[in-house]
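Values quoted throughout were computed directly from the atomic coordinates according to the rules given, and no laboratory measurement underlies them. Bear in mind that the values here come from a model prediction, so they are computed numbers and not experimental data. With ideal geometry, Cβ positions are generated from the backbone for all residues, glycine too; neighbour counts draw on all protein chains shown.
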Amino acid sequence: MHDESGPLPPKCDFSAWYNDILWQAEIMDVRYPVKGIYVWYPHGFAIRKGTYAILRELLDRDHEETLFPLLIPEHEFMKEAEHIKGFEEEVYWVTHGGLTKLDVPLALRPTSETAIYPMYSLWVRSHADLPIKLYQIVNTFRYETKHTRPLIRLREITSFKEAHTVHTTWDEAEHQVEDAVSLYSKFYERLCVPVIISRRPEWDKFPGADYTIATDAIMPDGKTLQVGTVHHLGDNFSKTFDLTYEDPEGIQQFAHQTCYGISERCIAALISIHGDDRGLVLPPEIAPTQIVIVPIIKKGRETDVQNAADELEDTLRCAGFRVTTDTRNLRPGAKYYYWEMRGVPLRLEIGPRDIDNGVVMAATRFGEKTQISRNIVVEETIDLLETFRLEMKQRAEARAMEQIVQVSTMQEAKDAADMGVAVLHWCGDETCAEIIEKETGVSVLGYEVRSAYIDEKEGRCLVCGKKARPAIISRTY
Ligand code: A5A
Ligand code: ZN
């Protein structure tokens, strides 16, 4: 796809590593001539496909997929006051059709509430029509003014999964929020990406929401990346869009809503958290190629080795693995380097001596080598890949635990937030948060923290000493 490149910068130089790996592992091409807009290489897109297949599988259990228009008429977009305030500086407008000025300017969706809810208002008549749980995976546009970065902060978000649900009561919508939070937990569990779930402070919630629960991942440089949000919309939008239903007593009631979203930031987290100095490391479930077979050719045994590699590939393909044999005319070392960069979980080497002994040499992406018996190669491969997945998860969790530090003084908070996430006690008052933010230089990310890595017990607010629950602060993307 592109020219040779130099060696990958070490991962401790994260920013350089990140930019380079997107290129060397052929994930995104950043040369598209519009700021904040990038192109998926086929390999990156295959990773996206595998990742979103998991998301779809989880959603399809009790949601339906749909597709709404990209263009939103100005009069719909401008209905919900809070929503407008939150997004007006980020909206791209289509004002012309050819040379003709449009009567009604059209917004490129920054998110689809104002496209979907006018239609929901037509669709919902009675309580029997509820709940509605739909999602779509689309591109959305946000004129971001903060530093743009591939997969992390885009002006065209290409892989925006947004779900929009409608319920009879506020409590029912709250249940849906909890279901969505648990769905997102399962999703990141499948990606082997540790996350922290927390409630965003009032001033940081989604424009138009009653409250927002966010999912954050910790990047290798210690900054957190918000990789998903779930919003309880209350009846704010249903009042604006006249989304009512007739209850069993025949009375018209406003519906209650939720929405929740995940973008390709999930892939930024996946790549960054698992990758190493040699390239990508991908969970077997997502890896476009799960197994690469490298034939070790020796003079005189060429056909022998080729046949054995073909047979091995057939066996593994029939067992359901995504497998490829690298027959290129390159030295084995060059092939190892290439497939390691692309994060292939398992490499199998087969040469004349292995054929004679009825074995295959296996090496995981972590460099662990074993010899496996040719006649039980499928069972052994299943085992190796599962062990590898567990190892990925453990390594990522160990790293997250190092990055999360419980603190009890402002100085400790400042130091910890330089390296990762500081867990402190905060009473919930905005004035206390302002003092924390001023003294540490980082923002209060969330409270009501839920994480396997964080002790949830009560303490005293770091600022005012009142009873308080844990909150997290960190530098953010
Ligand atoms: N309608 C709801 C779901 C919504 O739009 N929520 S949101 O604004 O919080 O966006 C959902 C998620 O998309 C965010 O949590 C974040 O992970 C991701 N996201 C937001 N802006 C982004 C951008 N410019 N580039 C990449 N991802 C973005
Ligand atoms: Zn306080």
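Straight-line reach only, C-alpha to C-alpha below 27 angstrom: list the lysines that residue 299 could link to, leaving out same-chain residues fewer than 8 apart.
335, 369
Under the rule of -39500 (n - 2.57) per DSSP H run of 4 or more residues, summed and divided by the residues of the chain, what mean residue ellipticity at 222 nm is obtained, to the nearest 500 deg cm²/dmol?
Helix-only estimate at 222 nm: -11000 deg cm²/dmol.
To the nearest 10 degrees, how steeply does helix 265-274 sit against the main Cα axis of the chain, on a 0 to 90 scale?
40
Using the beta-carbon distance between residue 389 and residue 104 and R0 = 60 Å, what value does 1/(1 + (r/R0)^6) give for FRET efficiency, to the nearest 0.05?
About 0.70, to the nearest 0.05.
Just subtract the alpha-carbon distance of residue 429 and residue 145 from 0.36 nm times their residue separation and send over the number in nm, one decimal.
Using 0.36 nm per residue and subtracting the Cα-Cα distance, I get 99.3 nm.
Taking amide H positions as placed in the peptide plane 1.01 Å from N, state which residues far from residue 280 in sequence (5 or more) or on other chains have amide H under 5 Å from it.
Here the answer is 342, 343, since their amide H atoms fall under 5 Å of that of residue 280.
Ordered by residue, what ³J(HN,Hα) values in Hz, to whole numbers, does segment 139-146 give under the Karplus form 6.51 cos²θ - 1.76 cosθ + 1.60, where θ = phi - 60° and Gly and Pro are x?
Each residue's phi maps through the Karplus curve to give 8, 10, 10, 9, 7, 6, 9, 5 Hz.
Would you mind pulling out the separation of the Cα centroids of segment 11-39 and segment 368-387, in Å?
If you average the Cα positions of each part, the centres end up 34 Å apart.
Using +1 at the Cβ of each Lys and Arg and -1 at the Cβ of each Asp and Glu in segment 113-158, identify which of 119, 140, 130 lies farthest towards the dipole's positive end.
Farthest towards the positive pole: 140.
Starting from the Cα coordinates of the chain, work out the convex hull volume and express it per residue in Å³.
Looking at the chain, the number lands at 175 Å³ per residue.
What's the extension gain from residue 318 to residue 125 if we count 0.36 nm per residue and subtract their Cα-Cα distance? Walk me through the numbers before you get to the answer.
Working: separation 193, 0.36 × 193 = 69.48 nm, distance 5.04 nm.
Taking 0.36 nm per residue and subtracting the Cα distance, the gain is 64.4 nm.
What is the magnitude of the charge dipole of the chain about its Cα centre, with +1 placed on the Cβ of each Lys and Arg, -1 on the Cβ of each Asp and Glu, and no other charges, expressed in debye to the nearest 20?
The calculated dipole for the chain is roughly 1440 debye.
Within the set of other residues whose C-beta is less than 12 Å from the C-beta of residue 246, count the net charge using Lys and Arg as +1 and Asp and Glu as -1.
Around residue 246, the charge tally is -2.
Over 25 Å between C-alpha atoms is what I'm after, so list which of 205/438; 223/466; 101/146; 438/466; 35/79; 49/393 land there.
Beyond 25 Å between Cα atoms: 223/466; 101/146; 35/79.
Which whole-Hz ³J(HN,Hα) couplings does segment 448-465 yield from phi under the Karplus relation 6.51 cos²θ - 1.76 cosθ + 1.60, θ = phi - 60°, glycine and proline marked x?
Residue by residue, segment 448-465 yields 6, 6, 10, 6, 5, 9, 10, 6, 8, 6, 5, x, 10, 4, 4, 9, 9, x Hz.
Report the FRET efficiency, 1/(1 + (r/R0)^6), for residue 327 and residue 368, where r is their Cβ-Cβ distance and R0 is 25 Å, rounded to 0.05. List each step's numbers first, then the result.
Values: r = 25 Å, r/R0 = 1.01.
The pair residue 327/residue 368 has a calculated efficiency of 0.50.
I need the phi-derived Karplus couplings for segment 15-31: 6.51 cos²θ - 1.76 cosθ + 1.60, θ = phi - 60°, integer Hz, Gly and Pro marked x.
Result, rounded to whole Hz: 4, 5, 4, 4, 4, 6, 5, 4, 7, 5, 8, 6, 9, 10, 9, 8, 8.
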